[in-house]
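Notes for the one structure printed next.
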Amino acid sequence: MIHYKNKAQVELMRESALLVSETLAAVATMLQPGITTLKVDQFAEAFIRDHQAVPSFKNYKGYPFACCISVNDAVVHGFPNDRELRDGDIISVDVGVFRNGYHGDSAYTFAIGSISEDLKRLLRVTKESLYKGIEKAVAGNRVGDIAFAIQEHTEKLHNFGVVRELVGHGLGTHLHEDPQVPNYGKRGSGAKLQDGLVIAIEPMINLGVKEVWYDKDGWTVRTKDGKPSAHYEHNVCVRKGEPDILSSFEPIEKNEQQNKNLDSSYYTSSVYNNAAGSVVAV
Ligand code: MF3
Ligand code: CO
């Protein structure tokens, strides 16, 4: 069953989504080679609790941490652990918070030190595909329009693997609500998007093959060929004419660019940006 949100509920959801954004922005200040992903998780959990919120993921279906931290070939749902981050790693940090009765759920992939050109293209194209999906999140369209836009940009145009097993989702008083929002599909198919529907759109895109496997911890999803995978997630309210993005990458990107231990050249480099500052499709 789909739950549509009224204006007041959407404003509460924006607060939760922006708290996730601020958490990820805080994480962006501490990432560097040598730090363990467990430290990142503990830091994020403290930040969330300091802001009168509860981490949504902790104990969700038995998930034992506040964040999902997925490094390199880990796609999503990675367990934080005592492995130290290294120059050239990519790390997806996925955070959920529950505050005032509503969940926020957003993810961002960071590049540690400096990364290869292949990885830069993976991160840039995955982030672009998220916005291409979001563009379609307007009343009157269907879920398949979002899915198709993401798949076209990543799989068709760039030959990356689109993960099939995991999907985006409705969001609200529950972390996962209807409808499912896949990152692959047919234009004009699936549930109709109506005003007040809040969804999490979250492309999970592999540099190599689309196939994945579950690690023995029962949670961590990894690419079958061992190649890296990227993941970005926004919370979006469907509106007539123009979608309303509730989460924001602005504070994250600001801190990312100021952190010398992170590579943000995949979207700030002049190769990828025109004079007006907007991304040029390559
Ligand atoms: N963003 C992820 C999702 O929507 C995070 C869920 S992790 C879990 O599936 F631990 F909570 F399951
Ligand atoms: Co999600």
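The values are calculated or read from the model by the stated rules, or taken from the named source; none is laboratory data. Everything quoted here is computed from the prediction, not taken from an experiment. FYI the Cβ positions are ideal-geometry reconstructions off the backbone, even for glycines, and counts take in every protein chain you see. These accessible areas exclude ligands, DNA and RNA; they are computed on the full protein's heavy atoms, side chains included. Shrake-Rupley method; radii C 1.70, N 1.55, O 1.52, S 1.80 Å.
Quick notes on this one:
- Hey, V212 within 12 Å of ligand 1 (Cβ to nearest atom) and either closer than 20 Å to V20 by Cβ or open to solvent by 10 Å² or more (accessible area, probe 1.4 Å) (or both) or not: no
Let's see how each residue does on (1) under 25 Å from S265 (Cα atoms); (2) among the aliphatic types (A, V, I, L, M); (3) more than 19 Å from the chain's Cα centre (by Cα):
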site: H3; (1), (2), (3): no, no, yes
site: K7; (1), (2), (3): no, no, yes
site: P33; (1), (2), (3): yes, no, yes
site: K39; (1), (2), (3): no, no, yes
site: R49; (1), (2), (3): no, no, yes
site: K61; (1), (2), (3): no, no, yes
site: D82; (1), (2), (3): no, no, yes
site: R99; (1), (2), (3): no, no, yes
site: H103; (1), (2), (3): no, no, no
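- Residue in segment 117-130 that is buried (at least 19 other Cβ atoms within 10 Å of the Cβ), over 26 Å from D41 (Cα atoms) and touching a Pro at 6+ places or on another chain (Cβ under 8 Å) present: yes
- Of all residues making up segment 1-42, the number that are charged (D, E, K, R) and open to solvent by 70 Å² or more (accessible area, probe 1.4 Å): 5
- Subset of segment 163-196 that is over 25 Å from S16 (Cα atoms) and within 16 Å of ligand 1 (Cβ to nearest atom) - its residue that is most open to solvent (accessible area, probe 1.4 Å): E165
- W213 out of contact with any strand residue (DSSP E or B) (no Cβ under 7 Å at 6 or more places or on another chain), hydrophobic (A, V, I, L, M, F, W, C) and at pLDDT 95 or above: no
- Residue in segment 50-68 that is acidic (D, E) and within 22 Å of Y214 (Cβ to Cβ) present: no
- Of all the listed residues (E117, E202, E155), the sole one being charged (D, E, K, R) and more than 22 Å from E256 (Cβ to Cβ) is E155.
- Condition check for I201: within 13 Å of ligand 1 (Cβ to nearest atom), closer than 14 Å to S129 by Cα and in contact (Cβ under 8 Å) with a residue 24 or more places away in the chain: yes
- Any chance V54 is more than 15 Å from ligand 2 (Cβ to nearest atom), open to solvent by less than 40 Å² (accessible area, probe 1.4 Å) and either without any contact (Cβ under 8 Å) to a residue 60 or more places away in the chain or among the hydrophobic types (A, V, I, L, M, F, W, C) (or both): no
Let's see how each residue does on (1) within 15 Å of ligand 2 (Cβ to nearest atom); (2) modelled with pLDDT under 95; (3) of a type outside the set (D, E); (4) within 23 Å of R222 (Cβ to Cβ):
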{"residue": "D118", "(1), (2), (3), (4)": "no, no, no, yes"}
{"residue": "V125", "(1), (2), (3), (4)": "no, no, yes, yes"}
{"residue": "V138", "(1), (2), (3), (4)": "no, no, yes, no"}
{"residue": "K156", "(1), (2), (3), (4)": "no, no, yes, no"}
{"residue": "G170", "(1), (2), (3), (4)": "yes, no, yes, no"}
{"residue": "P182", "(1), (2), (3), (4)": "yes, no, yes, yes"}
{"residue": "G185", "(1), (2), (3), (4)": "no, no, yes, no"}
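- Filter result (more than 16 Å from ligand 1 (Cβ to nearest atom) and of a type in the set (S, T, N, Q)) within segment 228-265: S248, N255, Q257, Q258, N259, N261, S264, S265
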